[in-house]
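Data block below; observations after.
The values are calculated or read from the model by the stated rules, or taken from the named source; none is laboratory data. Model, not experiment: these values are computed from the prediction. Backbone-built Cβ (ideal geometry, glycine too); neighbour counts: all protein chains shown. When the accessible area is computed, the model is the full protein with side chains, heavy atoms only, and any ligands, DNA or RNA have been set aside. Shrake-Rupley method; radii C 1.70, N 1.55, O 1.52, S 1.80 Å.
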Amino acid sequence: MRMELSAGDLAFRDEVRTFLDEALTPQLREAGRLTTSVFTDREWSAPWHEALYQRGWVAPSWPVEYGGTGWSELQRYIFASECAAAGAPSLAPMGLRMCGPVLMRYGRPAQKAFYLPRILSGEDYWCQGYSEPGAGSDLASLQLQAVSDGDDYVLSGSKLWTTHAQFANRMFCLVRTSAAGKPQARITFLLLDMDTPGLSVRPIITLAGDHEVNQVFFEDVRVPKSSRVGEENAGWTVAKYLLEFERGGAFAAGLKASMRRLRSVARVGEPSLAADPAYARKLAEAEIELTAIEITEQRVMSALAAGGNPGPASSMLKMRGTEAMQRLDELAVEAAAYYGFVEQRAARTPGGNIPPVGPAEHLTAMPRYLNDRAASIYGGSNEIQRNIMAHLVLGV
């Protein structure tokens, strides 16, 4: 997709580039370059969040009245593209892209006044309590019990695959508050503090060697009913709204940056892999898919700019974005060849003391491949996304 930039847009792009040149330290660039997940560790995402917050650029898609930038769709696209091209670390999305929009829509005035400024400043770091053992894409089957006791709910059970729970001081959580009616009609949406007595976090180390996800256990955890978002047993509506923002994230800028790096690596050597017609065809096919994703993303951005929610376009974007990500991962492993199998976990940590072997893409190719195998499952499996599109778009 080729866009003609006006003089004002070009001036804005130059402003963004100047800011990135000044604000992105070598350590932050290295952290972004070596991140093998959609999440950058808090050690590196937090200072980048702070730099953007001080500039007033941390929440481009938020309404201005809550601290957003007031940028046009094109300006947000330019900003995301320039951040990806510069290798900026990713920001934690749980607060800015998920909990924040939900509170704007369903939160009470006191909840908005308390939580939104803290999400914006980075004072609160959120994790998502959705999946459980036996309740992933079939989220309505969740079993974490919340028993009413006066002004509190008492929670017993566990959550699984809870990303960055080891860093978070807050969680938004789905709980079972009734035994009657349809499963979807017995769920409530809660906000809770991670230091609440009875709550514990246990790490899960992935095949890539990362500590990204966790299991969280609840043993008679008391949560005030004032922390509920929406009505009791109406949490399914809130949860679905949030999932549209989780699934409708920005893929195009990061995927295009990955494609540029991949093409650069493929040109190394004599003869280069890029000279192989079969590999060149795979690259061209992947690039065509990225163009389609970019167009879909524009639809989602248009909905957000109009004050709406992404709707079924978010399912399409999630499905195509994650599958394109996995396709690029496979091409990167092919380009890295045997370097892709060298275990260099310390070298993928900013300041690691193991000397790099080859380009950074060689160090991160296999860990990214392993981590991103889950991308087409989390947030609702891509099979579920196809069902959603068939129902909401095709009327099947």
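Observations on the structure shown:
- Total residues in segment 101-121, condition farther than 15 Å from TYR53 by Cα and either touching an Asp or Glu at 6+ places or on another chain (Cβ under 7 Å) or part of a helix (DSSP H, G or I) (or both): 13
One line per residue, one yes/no per condition, for (1) among the β-branched types (Val, Ile, Thr); (2) in contact with a helix residue (DSSP H, G or I) (Cβ under 7 Å, 6 or more places away or on another chain); (3) farther than 22 Å from GLY209 by Cβ; (4) modelled with pLDDT of 95 or more:
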site: GLU15; (1), (2), (3), (4): no, no, yes, yes
site: LEU20; (1), (2), (3), (4): no, yes, yes, yes
site: ALA23; (1), (2), (3), (4): no, yes, yes, yes
site: GLU30; (1), (2), (3), (4): no, no, no, no
site: SER37; (1), (2), (3), (4): no, yes, no, no
site: TYR53; (1), (2), (3), (4): no, yes, yes, yes
site: SER61; (1), (2), (3), (4): no, yes, yes, no
site: GLU73; (1), (2), (3), (4): no, yes, yes, no
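- Scanning segment 148-202 for residues that are in contact with a strand residue (DSSP E or B) (Cβ under 7 Å, 6 or more places away or on another chain), open to solvent by 50 Å² or more (accessible area, probe 1.4 Å) and among the aliphatic types (A, V, I, L, M) yields a count of 1.
- Comparison of MET325, MET316, MET301 shows that the only residue that is modelled with pLDDT of 90 or more, open to solvent by 20 Å² or more (accessible area, probe 1.4 Å) and under 30 Å from GLY68 (Cα atoms) is MET325.
- For segment 78-121, the candidate set comprises residues that are modelled with pLDDT of 95 or more and among the aromatic types (Phe, Trp, Tyr); within that set, the residue that is least open to solvent (accessible area, probe 1.4 Å) is TYR115.
- Residues in segment 203-217 that are surrounded by 19 or more Cβ atoms within 10 Å (Cβ to Cβ) and β-branched (Val, Ile, Thr): VAL213, VAL216.
- Test: LEU155 is in contact with a helix residue (DSSP H, G or I) (Cβ under 7 Å, 6 or more places away or on another chain), more than 30 Å from LEU370 (Cα to Cα) and either among the small types (Gly, Ala, Ser) or outside any loop (DSSP other than H, G, I, E, B) (or both): no
- Any chance SER227 is over 23 Å from TYR378 (Cα atoms) and either crowded, with 21+ Cβ neighbours inside 10 Å or of a type outside the set (A, V, I, L, M, F, W, C) (or both): yes
- Within segment 70-77, the presence of at least one residue that is free of Cβ contacts under 8 Å to residues at least 60 places away in the same chain, more than 23 Å from MET325 (Cα to Cα) and outside any helix (DSSP H, G or I) is confirmed.
- Residue check, LEU96 without any contact (Cβ under 8 Å) to a residue 60 or more places away in the chain, under 24 Å from LEU192 (Cβ atoms) and not in a helix (DSSP H, G or I): no
- Complete set of residues in segment 379-396 that are touching a residue at least 40 places away in the same chain (Cβ under 8 Å) and either within 18 Å of TRP161 (Cβ to Cβ) or open to solvent by 100 Å² or more (accessible area, probe 1.4 Å) (or both): GLY379, GLY380, SER381, ASN382, GLU383, ILE384, GLN385, ARG386, LEU392
- Search result, residues across segment 346-376 that are among the hydrophobic types (A, V, I, L, M, F, W, C) and either modelled with pLDDT of 85 or more or within 20 Å of TRP44 (Cα to Cα) (or both): ALA346, ALA347, ILE354, ALA360, LEU363, ALA365, MET366, LEU370, ALA374, ALA375
- Subset tally (residues that are open to solvent by 30 Å² or more (accessible area, probe 1.4 Å) and not acidic (Asp, Glu)) for segment 122-139: 5
- Screening LYS256 with (1) in contact (Cβ under 8 Å) with a residue 60 or more places away in the chain; (2) touching a helix residue (DSSP H, G or I) at 6+ places or on another chain (Cβ under 8 Å); (3) open to solvent by less than 50 Å² (accessible area, probe 1.4 Å); (4) at negative phi gives one miss only, at (3).
- The set of residues in segment 34-52 that are under 17 Å from ALA80 (Cβ atoms) and not in a loop (DSSP other than H, G, I, E, B) comprises SER45, TRP48, HIS49, ALA51, LEU52.
- Residues considered: SER6, SER61, SER45. Of these, the only one that is out of contact with any strand residue (DSSP E or B) (no Cβ under 6 Å at 6 or more places or on another chain), crowded, with 19+ Cβ neighbours inside 10 Å and free of Cβ contacts under 8 Å to residues at least 60 places away in the same chain is SER45.
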